[in-house]
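S.K.: I have a structure I would like to understand better, so I am pasting it below and will then ask my questions one at a time.
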There are 2 protein chains.
Amino acid sequence: MNTTTEIPAEARTDARRFAMANALRVLALDAVAAANSGHSGMPMGMADVATVLFDSHLRFDPKAPRWHDRDRFVLSAGHGSMLLYGLLHLTGYEDMGEDQIRAFRQLGSRTAGHPEFGHAAGIETTTGPLGQGLANAVGMAIAEEALRARFGARVFDHHTWVIAGDGCLMEGVSQEAITLAGHLALSRLIVLWDDNGISIDGKVSLTDSTDQRARFEASGWVTRAVNAHDHADIEAALAWAKAQKQPVMLACKSHIGFGAPTLQDTAKAHGAITGADEIAGAKAAIGWEGKAPFEIPAAIRADWARAAARGAEARAEWQARFAALTPARQAEIDRVMAGEAPKKLASAVRKLKRRLAEEAPKMATRKASEVALAEINPVMRETIGGSADLTGSNNTRTADLGVFSAADRKGRYIHYGIREHGMAAAMNGIALHGGLAPYGGTFLCFADYARPSIRLSALMGVRTVYVMTHDSIGLGEDGPTHQPVEHLAMLRATPGLNVFRPADAVETAEAWELALSAAGPSVLALTRQNLPAVRTAHVNRNEVGRGAYILAEAEAKRAAVIVATGSEVEIAMAAKAMLEAEEIGTRVVSMPCWELFEAQDETYRRRVLPPGPVRVGVEAAVRTGWDRWLCGERGSAKKAGFVGMEGFGASAPYQELYKSFGITAEAVAAEVRRLL
Amino acid sequence: MNTTTEIPAEARTDARRFAMANALRVLALDAVAAANSGHSGMPMGMADVATVLFDSHLRFDPKAPRWHDRDRFVLSAGHGSMLLYGLLHLTGYEDMGEDQIRAFRQLGSRTAGHPEFGHAAGIETTTGPLGQGLANAVGMAIAEEALRARFGARVFDHHTWVIAGDGCLMEGVSQEAITLAGHLALSRLIVLWDDNGISIDGKVSLTDSTDQRARFEASGWVTRAVNAHDHADIEAALAWAKAQKQPVMLACKSHIGFGAPTLQDTAKAHGAITGADEIAGAKAAIGWEGKAPFEIPAAIRADWARAAARGAEARAEWQARFAALTPARQAEIDRVMAGEAPKKLASAVRKLKRRLAEEAPKMATRKASEVALAEINPVMRETIGGSADLTGSNNTRTADLGVFSAADRKGRYIHYGIREHGMAAAMNGIALHGGLAPYGGTFLCFADYARPSIRLSALMGVRTVYVMTHDSIGLGEDGPTHQPVEHLAMLRATPGLNVFRPADAVETAEAWELALSAAGPSVLALTRQNLPAVRTAHVNRNEVGRGAYILAEAEAKRAAVIVATGSEVEIAMAAKAMLEAEEIGTRVVSMPCWELFEAQDETYRRRVLPPGPVRVGVEAAVRTGWDRWLCGERGSAKKAGFVGMEGFGASAPYQELYKSFGITAEAVAAEVRRLL
């Protein structure tokens, strides 16, 4: 056995911290070995940096893991999850006992393969899909700046720290995150780049030649090189970083698989180090011998406990300051941090609905969304809107929001730039931080660009609202690259995501109320083109909240049910008129949110969609998923049909496209007749 | 009316080119005005740069638009489509007559809102979703290098030119493209950045502070600033660019909406300039008065014709060189450029299938994919493989491929790095260039990262093969961030994309044959975990080619049909065994490709899925889309059920996950019994 791995001398000069870091290394080695699965190398490489950060700089208190003013620590290189679990365990987070470390990657444990938000305290975000954590952190730093401006530095005054790997920096989303952070001068954001020169396929030099420091500096960051195993150098760099006026990237030159006899500095160390010799050799190299797996000497545990105790004092000081606020102020801060919508939201929406039912405006639902926001934003001041450079098209900016910028932290609107992915990831970060309710716009077709982050919104269950306009061929001349046809199916297939496609201004207002009151993410799919009002009789109840409902009952004896969403409800109503004229009684069901309809009880669902009549769905999108409501388990019609898209769209004025693709009242009526 | 817009003096010093450029400007103005829709400002701003490029540098011949050795010109800022249409029209592309210019953005025209590949000659790729063209161009430049290395500079010796806007450069995919191109030292790639300082929301300074030249230089590019209205400066820069040994970015400082009296240099110029005064003023400013819309003076047309004629000579010289090759060599080049698979492919796959049916290996389909590639790559030497840093996991690299790099252009494997999006876009570019058959790997879950480019593969109908492994909870411990559940639905919902989910090694080989013989893109969804052989009797016919087929007929009287894909076919077979033991005759249908089954005639589909028996689908994914085959228009079973996922996965050994989520033979058999 080769136990002569060269451990850099500087790593040993601070014996206390070296031992603390070695505890992290050993926990990673042992947990991965026990699971026979995982990633050993990264925790071993970044253990020293993480130790100094948690020992002297990170503002945290394991006894109050949701403390509003804690620093946020994001392990963007989520595969190194054992580094995070080790830190949480050693600093004494209650729900991260040794049982959890031993159950790494096992069913039901809190210690999943990658850190999962909600599994354990101290996991600030779900990471693993590379680059996401870094981009979430930009959102967290935005939230901190915005809340500090609103509530003062006595309440919000913390940093966001990120450990990011080469994979994070190679993903495109990192560029969107970096350029946004640089532009916004988010000086409380500090990225610790694990510069180990290794990725899964081999040396990074196999795939990339980027001068990362120059790249960050090109976007307004300051950077500094750090020896990731020299505790003094790390200490100095972290202190320096906190003093900067721009976002900071520290290039931490590290050894992946630090100490592993044959694997250190190799791609093989990226994954699971499981060989007994290799593990023994790695432990020997760091002077960790004669101990059982998972055994941490009491002195080292005591050092980690001291590191954890440091935060308690800061928290107590903060708590005293918080307690000095007026009770109303405290309650307000607690409410927004908990993500609870204000009581006034419901009444504001009800009032708006009443007005809209009376006025019955013919308007695009994107415009209706703006009308709703104009009522909501003043009564729900934690909203923070934005758009990926389509403000005028997405109708996301209402009066008096102001613009959040380097110069104005009180602004409530973010010009995210042409960065759909970075926007979505930042929105996740804003929501995760708490205190704000982010919404952001783009075209529905460009949900594609944001797709990895939308999935994480759903997986984490955070309240983000995606305002996605131009939701079909109704977009018209811009053509098939801009016309979603499969996107509703893609989003509806995603668990935990509410997809709203409202039919008029009233439904749009109802959708907004639901989205802002939800515990998870929502997509609002909105039209570019004008639509007539279909909800012209006011009801207090939020009809969209039931997912689908009877918009218009059959007049003649009921023979058909037409189910439609969004812009096609107008078509369904016109088809109904044609059919009723022929004495074919036709019910129209508006179905703005499949997920909420699914959540209704069987009785309600069968009431809305009875088994007898023929049933036709109509939506300017592909059929995928519709059969469930037409004739599947959740449906039960004997005869069912669908009018929609069968392929990509085309470039032309939208009225011509609807005709050309056969999505018309005539076609729907004909389909009903065919089935009858 | 204000007609005093300041036109830079240098723009006027080359009167001939200024007039040529003005023709482009006027066509854009007139076409957008006629359509009352589109983007006027970008063509007006970049007209001078485009004119010099087409007049003196671009290697093209409108009489031979598919000439193998033409330069590729990519309008990455696709919203400026009228710039491209104007260029194609003025240089005399036959299918781009004035009728097309006048029909801009109208139904059935070749002049869609954004350039659509296949609509007209000279449109090298579909652009509009920002950043895609730039990233496609990286693939085109890779193809040029690879083909030059294979066939010599006498056959392939051209450049790839890109016009990219701020939007392209802000999208994350641009970073993946830029860093890949820099690393690979793609010196034939020249990007002309339309540095107009404007995006839709306003000035770029509203959203970005990046020093773009420094950013490119950080990744190994060379850059130069250019006055986008000084023909001499442009001329010098283009000549300089072609002499570089690294990829080149020219920062072309331009005026968006050049000449428009009140809109030049404003965000309003980005879209449609339709005001009569504004149009008249813009024309006056460039000295274009007293002409009817779309009217181009004969002298200017003649200058454009001369620019076009320049390429004919180069093409003739090339044609002579090509004709001097052996007929076999010529035929080979023509074949690969046409994207036709070699005749040997079918026989190689058949031979492999025979062997696999005999050996009946228990192996993961990702491994089976490697086995197939090991047979295919030697007989289909135009394949060019790769992976987004998951080579060992995706099993995409076979022996003797070599690695394509700056030092070795003959390598047939690309280490794409952690750049799923850039990889997919580059694969599109490689396929569009012609001559190579690109395939590339990642985890199925990270199809999300590549989603915008996958959609474009489908929209364009190019032969790209996405090797997507770890295709379900079968991935195990890495957990829900890495476990696809909705991705099959997302991909199947996308028109024009064949999604294969083979059940064993034989099906995998068949899927590869189909993917490489297809006219469009394919996804191969492959397992991490081992699967038993289910196709142990050799048949010559490609069963996967029919999309779904009877894998095992009922033994007792047929009462049930179980439909499964991929790894769940094993479960279906085990359920069948249980049910047959109870005298419940059960057919198992393997359904590796929905799209190909859909393409079969009604008779075949009903033969495979008869209406009588109960029907149960099983797939470790969400149900979305399945009802179509269970009871929808394409199905017709009276009673149907589904066994699969209802939400996200979890982190644990995969066998436990299958049990925990109830995707087992017992559950499938129970569902059959319930329905009976």
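The values are calculated or read from the model by the stated rules, or taken from the named source; none is laboratory data. All figures in this text were calculated on a predicted structure; none of them were measured in a lab. All Cβ positions, glycine included, derive from the backbone under ideal geometry; neighbour counts span all protein chains shown.
S.K.: Spot the failing condition for A:A360; the list is (1) over 30 Å from A:L189 (Cβ atoms); (2) outside the structural domain of A:M468 (by TED's automatic domain parsing), and only one is missed.
M.R.: (2)
S.K.: Within region A:451-501, can you find the residues that are assigned to a loop (DSSP other than H, G, I, E, B), within 13 Å of chain B (Cβ to nearest Cβ), out of contact with any Lys or Arg (no Cβ under 7 Å at 6 or more places or on another chain) and among the polar types (S, T, N, Q)?
M.R.: A:T481, A:Q483
Yes/no per residue for (1) under 23 Å from B:A141 (Cα atoms); (2) surrounded by fewer than 21 Cβ atoms within 10 Å (Cβ to Cβ); (3) away from every other protein chain (no Cβ under 14 Å):
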| site | (1), (2), (3) |
| --- | --- |
| B:R72 | yes, no, yes |
| B:S76 | yes, no, no |
| B:M96 | no, no, yes |
| B:E116 | yes, no, no |
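S.K.: A follow-up question, please. Among B:D208, B:D194, which is part of a loop (DSSP other than H, G, I, E, B) and within 30 Å of A:G182 (Cα to Cα)? Walk me through it before giving the result.
M.R.: Details: B:D194 fails: part of a loop (DSSP other than H, G, I, E, B).
Answer to the selection: B:D208.
Condition check ((1) under 30 Å from B:R148 (Cβ atoms); (2) outside the structural domain of B:M140 (by TED's automatic domain parsing); (3) buried (at least 24 other Cβ atoms within 10 Å of the Cβ); (4) aliphatic (A, V, I, L, M)) across all residues:
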{"position": "B:D14", "(1), (2), (3), (4)": "no, no, no, no"}
{"position": "B:F18", "(1), (2), (3), (4)": "no, no, no, no"}
{"position": "B:G38", "(1), (2), (3), (4)": "no, no, yes, no"}
{"position": "B:F60", "(1), (2), (3), (4)": "yes, no, yes, no"}
{"position": "B:P65", "(1), (2), (3), (4)": "yes, no, no, no"}
{"position": "B:S81", "(1), (2), (3), (4)": "no, no, yes, no"}
{"position": "B:Y93", "(1), (2), (3), (4)": "yes, no, no, no"}
{"position": "B:Q100", "(1), (2), (3), (4)": "no, no, no, no"}
{"position": "B:T126", "(1), (2), (3), (4)": "yes, no, yes, no"}
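S.K.: Could you check region B:485-509 and list, in sequence order, the residues that are under 21 Å from B:I571 (Cα atoms) and charged (D, E, K, R)?
M.R.: The answer is B:E486, B:R501, B:D504, B:E507.
S.K.: Do the conditions hold for B:S369, that is, is it closer than 30 Å to B:Y466 by Cα, modelled with pLDDT of 95 or more, among the hydroxyl-bearing types (S, T, Y) and crowded, with 16+ Cβ neighbours inside 10 Å?
M.R.: On the way: closer than 30 Å to B:Y466 by Cα: yes; modelled with pLDDT of 95 or more: yes; among the hydroxyl-bearing types (S, T, Y): yes; crowded, with 16+ Cβ neighbours inside 10 Å: yes.
Considered against the rule, which asks whether it is closer than 30 Å to B:Y466 by Cα, modelled with pLDDT of 95 or more, among the hydroxyl-bearing types (S, T, Y) and crowded, with 16+ Cβ neighbours inside 10 Å, B:S369 comes out as yes.
S.K.: Of the conditions (1) of a type in the set (S, T, N, Q); (2) within 10 Å of chain B (Cβ to nearest Cβ); (3) more than 19 Å from A:S40 (Cβ to Cβ), A:T91 clears all except one; give me its number.
M.R.: (2)
S.K.: Going through region B:375-399 one residue at a time, which ones are surrounded by 21 or more Cβ atoms within 10 Å (Cβ to Cβ) and outside any helix (DSSP H, G or I)?
M.R.: Correct list: B:E382, B:T383, B:I384, B:G385, B:G386, B:S387, B:A388, B:D389, B:L390, B:N395, B:T396, B:R397.
S.K.: Would you point out the residue of region B:645-676, among those that are without any contact (Cβ under 8 Å) to a residue 24 or more places away in the chain and either surrounded by 20 or more Cβ atoms within 10 Å (Cβ to Cβ) or not aliphatic (A, V, I, L, M) (or both), that is farthest from the other protein chains (Cβ to nearest Cβ)? Can you show your working first?
M.R.: Initially, region B:645-676 is screened for residues without any contact (Cβ under 8 Å) to a residue 24 or more places away in the chain, giving B:655-656, B:659-660, B:662, B:670.
Now drop any that are not either surrounded by 20 or more Cβ atoms within 10 Å (Cβ to Cβ) or not aliphatic (A, V, I, L, M) (or both), which leaves B:655-656, B:659-660, B:662.
Details: B:Q655: 10, B:E656: 5, B:K659: 9, B:S660: 6, B:G662: 13 Å.
Among those residues, the one meeting the criterion is B:G662.
S.K.: If we keep just the residues of region A:211-233 that are touching a Gly at 6+ places or on another chain (Cβ under 9 Å) and part of a loop (DSSP other than H, G, I, E, B), which is farthest from the other protein chains (Cβ to nearest Cβ)?
M.R.: A:H229
S.K.: Would you point out the residue of region B:634-644, among those that are more than 8 Å from chain A (Cβ to nearest Cβ) and over 22 Å from A:G641 (Cβ atoms), that is surrounded by the fewest Cβ atoms within 10 Å (Cβ to Cβ)?
M.R.: B:G644
S.K.: If you don't mind, another one. If B:A237 satisfies every condition in (1) over 29 Å from A:Q175 (Cβ atoms); (2) buried (at least 23 other Cβ atoms within 10 Å of the Cβ) but one, which is the exception?
M.R.: Result: B:A237 fails condition (1) only.
S.K.: Among the residues of region A:598-633, write down those that are under 17 Å from A:L488 (Cα atoms), touching a residue at least 40 places away in the same chain (Cβ under 8 Å) and either more than 14 Å from chain B (Cβ to nearest Cβ) or part of a loop (DSSP other than H, G, I, E, B) (or both). Break it down into steps so the answer makes sense when it comes.
M.R.: Our first condition is that a residue be under 17 Å from A:L488 (Cα atoms); within region A:598-633, this holds for A:598, A:617-630.
Applying the additional criterion that residues be touching a residue at least 40 places away in the same chain (Cβ under 8 Å) yields A:598, A:617-622, A:624-625, A:629-630.
Scanning region A:598-633 gives A:V618, A:E619, A:A620, A:A621, A:V622, A:T624, A:G625.
S.K.: Let me ask something additional. Hey, any hits in region B:545-559 for a residue that's among the β-branched types (V, I, T) and surrounded by 21 or more Cβ atoms within 10 Å (Cβ to Cβ)? Please lay out each step first, then the result.
M.R.: Taking region B:545-559 as the starting set, the residues that turn out to be among the β-branched types (V, I, T) are B:550.
The next check asks that each one be surrounded by 21 or more Cβ atoms within 10 Å (Cβ to Cβ); those that pass are none.
The answer is no, given that none of the residues of region B:545-559 is among the β-branched types (V, I, T) and surrounded by 21 or more Cβ atoms within 10 Å (Cβ to Cβ).
S.K.: Taking the stated definitions as given, is A:R224 more than 28 Å from the chain's Cα centre (by Cα), within 29 Å of B:L206 (Cα to Cα) and touching a residue at least 12 places away in the same chain (Cβ under 8 Å)?
M.R.: Working: more than 28 Å from the chain's Cα centre (by Cα): yes; within 29 Å of B:L206 (Cα to Cα): yes; touching a residue at least 12 places away in the same chain (Cβ under 8 Å): yes.
Judged against the criteria, A:R224 is a match.
S.K.: Still on this structure, please answer the following. Tally time: how many residues in region A:395-417 are of a type outside the set (S, T, Y) and within 10 Å of chain B (Cβ to nearest Cβ)? Step through it out loud before you land on a result.
M.R.: Filtering region A:395-417 for residues of a type outside the set (S, T, Y) gives A:395, A:397, A:399-404, A:406-412, A:414-415, A:417.
From what's left, within 10 Å of chain B (Cβ to nearest Cβ): A:397, A:403, A:406, A:414-415, A:417.
Summing the residues that are of a type outside the set (S, T, Y) and within 10 Å of chain B (Cβ to nearest Cβ) in region A:395-417 gives 6.
S.K.: If we scan region B:401-415, do we find a residue that is assigned to a strand (DSSP E or B), within 27 Å of A:L459 (Cβ to Cβ) and in contact with a strand residue (DSSP E or B) (Cβ under 6 Å, 6 or more places away or on another chain)?
M.R.: Within region B:401-415, the subset assigned to a strand (DSSP E or B) is B:413-415.
Of the ones still in play, those that are also within 27 Å of A:L459 (Cβ to Cβ) are none.
No: region B:401-415 contains no residue that is assigned to a strand (DSSP E or B), within 27 Å of A:L459 (Cβ to Cβ) and in contact with a strand residue (DSSP E or B) (Cβ under 6 Å, 6 or more places away or on another chain).
S.K.: Kindly indicate whether any position in region A:255-265 is among the hydroxyl-bearing types (S, T, Y), free of Cβ contacts under 8 Å to residues at least 12 places away in the same chain and either away from every other protein chain (no Cβ under 14 Å) or within 24 Å of B:Y416 (Cβ to Cβ) (or both). Walk me through it before giving the result.
M.R.: Pass one, region A:255-265, residues among the hydroxyl-bearing types (S, T, Y): A:262.
Okay, now just the ones that are also free of Cβ contacts under 8 Å to residues at least 12 places away in the same chain, so none.
Looking for residues that are among the hydroxyl-bearing types (S, T, Y), free of Cβ contacts under 8 Å to residues at least 12 places away in the same chain and either away from every other protein chain (no Cβ under 14 Å) or within 24 Å of B:Y416 (Cβ to Cβ) (or both), one finds none in region A:255-265, hence no.
S.K.: If you don't mind, there's one more thing I want to ask. Can you name every residue in region A:149-164 that is among the charged types (D, E, K, R) and farther than 19 Å from A:V74 by Cβ?
M.R.: Going through region A:149-164, the residues among the charged types (D, E, K, R) turn out to be A:150, A:154, A:157.
Once the filter is applied, which keeps residues that are among the charged types (D, E, K, R) and farther than 19 Å from A:V74 by Cβ, region A:149-164 yields A:R150, A:R154.
S.K.: Shifting gears a bit: Checking A:D504 against (1) over 16 Å from the mean Cα position of the chain (by Cα); (2) within 14 Å of chain B (Cβ to nearest Cβ), only one condition comes out false. Which one?
M.R.: It fails just one condition, (2).
S.K.: Can I ask one more? Between B:G429, B:G422, which is more than 9 Å from chain A (Cβ to nearest Cβ), at pLDDT 95 or above and not in a loop (DSSP other than H, G, I, E, B)? So that I can check it myself, show each step before the final result.
M.R.: On the way: B:G422 fails: more than 9 Å from chain A (Cβ to nearest Cβ).
None of the others qualify; the one that does is B:G429.
S.K.: Further, regarding this structure: Identify all residues within region B:247-271 that are in a loop (DSSP other than H, G, I, E, B), surrounded by 20 or more Cβ atoms within 10 Å (Cβ to Cβ) and in contact with a helix residue (DSSP H, G or I) (Cβ under 7 Å, 6 or more places away or on another chain); write none if there are none.
M.R.: The answer is B:P247, B:S254, B:H255, B:I256, B:G257, B:F258, B:G259, B:A260, B:P261, B:L263.
S.K.: Scan region B:551-565 and report the pairs whose first residue is free of Cβ contacts under 8 Å to residues at least 40 places away in the same chain and assigned by TED's automatic domain parsing to the domain that holds B:T586 and whose second residue is surrounded by 24 or more Cβ atoms within 10 Å (Cβ to Cβ) and of a type in the set (K, R), with Cβ atoms within less than 7 Å and a gap of 6+ or a chain change.
M.R.: Pairs that qualify, where the first residue is free of Cβ contacts under 8 Å to residues at least 40 places away in the same chain and assigned by TED's automatic domain parsing to the domain that holds B:T586 and the partner is surrounded by 24 or more Cβ atoms within 10 Å (Cβ to Cβ) and of a type in the set (K, R), are B:A552/B:K576.
S.K.: Just the residues that are in contact with a helix residue (DSSP H, G or I) (Cβ under 6 Å, 6 or more places away or on another chain) and within 21 Å of B:I142 (Cα to Cα), please, taken from region B:360-389.
M.R.: Those that are in contact with a helix residue (DSSP H, G or I) (Cβ under 6 Å, 6 or more places away or on another chain) and within 21 Å of B:I142 (Cα to Cα): B:M380, B:E382, B:T383, B:S387, B:A388.
S.K.: Residue by residue through region A:186-209, note down the ones that are farther than 20 Å from A:A228 by Cα and either in contact with a helix residue (DSSP H, G or I) (Cβ under 6 Å, 6 or more places away or on another chain) or buried (at least 24 other Cβ atoms within 10 Å of the Cβ) (or both).
M.R.: We begin by selecting, within region A:186-209, every residue farther than 20 Å from A:A228 by Cα; these are A:186-188, A:200-202, A:206-209.
The answer is A:L186, A:R188, A:I200, A:D201, A:G202, A:T207, A:D208, A:S209.
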